[in-house]
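Quick notes on the structure that follows.
The values are calculated or read from the model by the stated rules, or taken from the named source; none is laboratory data. Being a predicted model, the structure only gives us computed values, none of them experimental. For neighbour counting, all protein chains shown are included, and Cβ atoms are generated from backbone atoms with ideal geometry for every residue, glycine included.
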């Protein structure tokens, strides 16, 4: 089977959808399927299987900034790539996002399935409801990564959605080597924007002991302001953007992986990555996270936006080795339930049904 997976977001910029697309493609190739990934790239493609479609244009969307490519050159490259690829099936992630997925919906005659990731409402869905509904009707089958994502898509677009939760590349987590540390260490990775709650974690550092270190990966609109505010704290290390392999090594080396997001997370795959790396997870108690982690069993979940509660939870779990081991073991077992290999096998089964017209 010749499979084309299309991502509307720049594949060279870290993001949840991007990591799912690239991880799924890797697993499908391991299962013997000819799989190519099409998407914008701001620099060299991250994988030999990627067909770059040009640079992205950072665009405000749902409280974040999406690196999409809604321009004509990207559309023309997409059309050419679809012709050259002669794909048996196309898998569109965030099918309604402006850019190559929408171009495929307009221009391709190949069977198409779509995976919807976003949750929490979309202004574009509301303003462009009729044309978007028509476009969504071009899909032969529809998936959503969570109940919230399915509800949002169904409310705006209609249709039925099969829930297939995001996957974790558990093999990559297991193979990663532990990054060396110099004392109790917390790791954060995520775009530096309000909804990710980095400022809450930084405020929590004021209430934590002097020997605790904090690694902060990635960047975003808040980076410079937060660096300036906390410049006097030598415990904080700003890493900038890091590779996937370094991400897993840092997760594995840290004592705690912290995800203090405030909202807008449809599915907590990053928590599962931390669990798969055998690391204690401390995160906000928001719907997207509580769906994958039970408080006190798989992770420690605290009130979103409460820096004092976050600091208390971190200090408490660091002082309890038995609890740490319990959380690690339960978390690792939980992560194994969401392996990317299992997800790829389920998608592959659905692809076959679409091609057979079932």
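Considering the conditions (1) in contact (Cβ under 8 Å) with a residue 24 or more places away in the chain; (2) within 27 Å of residue 346 (Cβ to Cβ), residue 18 is excluded by exactly one of them, (1). Residues of region 142-164 that are under 24 Å from residue 358 (Cβ atoms) and surrounded by fewer than 19 Cβ atoms within 10 Å (Cβ to Cβ): 154, 158, 159, 160, 162, 163, 164. Taken over region 194-213, the residue count meeting the criterion of being surrounded by fewer than 21 Cβ atoms within 10 Å (Cβ to Cβ), in contact with a strand residue (DSSP E or B) (Cβ under 8 Å, 6 or more places away or on another chain) and farther than 17 Å from residue 315 by Cα is 1. Restricting attention to region 11-33 and to residues that are in contact with a helix residue (DSSP H, G or I) (Cβ under 9 Å, 6 or more places away or on another chain) and outside any helix (DSSP H, G or I), the residue that is surrounded by the fewest Cβ atoms within 10 Å (Cβ to Cβ) turns out to be 31.
Of the candidates 138, 142, the single residue that is modelled with pLDDT of 90 or more, assigned by TED's automatic domain parsing to the domain that holds residue 91 and part of a loop (DSSP other than H, G, I, E, B) is 138. Scoring residue 327 on the criteria (1) touching a strand residue (DSSP E or B) at 6+ places or on another chain (Cβ under 6 Å); (2) modelled with pLDDT under 95 leaves a single failure, condition (2). In region 231-246, the qualifying residues are those that are within 22 Å of residue 175 (Cβ to Cβ) and not in a loop (DSSP other than H, G, I, E, B), and the one that is modelled with the lowest pLDDT is 244. In this structure, residue 249 does satisfy being in a helix (DSSP H, G or I) and either touching a helix residue (DSSP H, G or I) at 6+ places or on another chain (Cβ under 8 Å) or at negative phi (or both).
Within the set 281, 302, 269, the sole residue that is within 29 Å of residue 146 (Cα to Cα) and touching a residue at least 60 places away in the same chain (Cβ under 8 Å) turns out to be 269.
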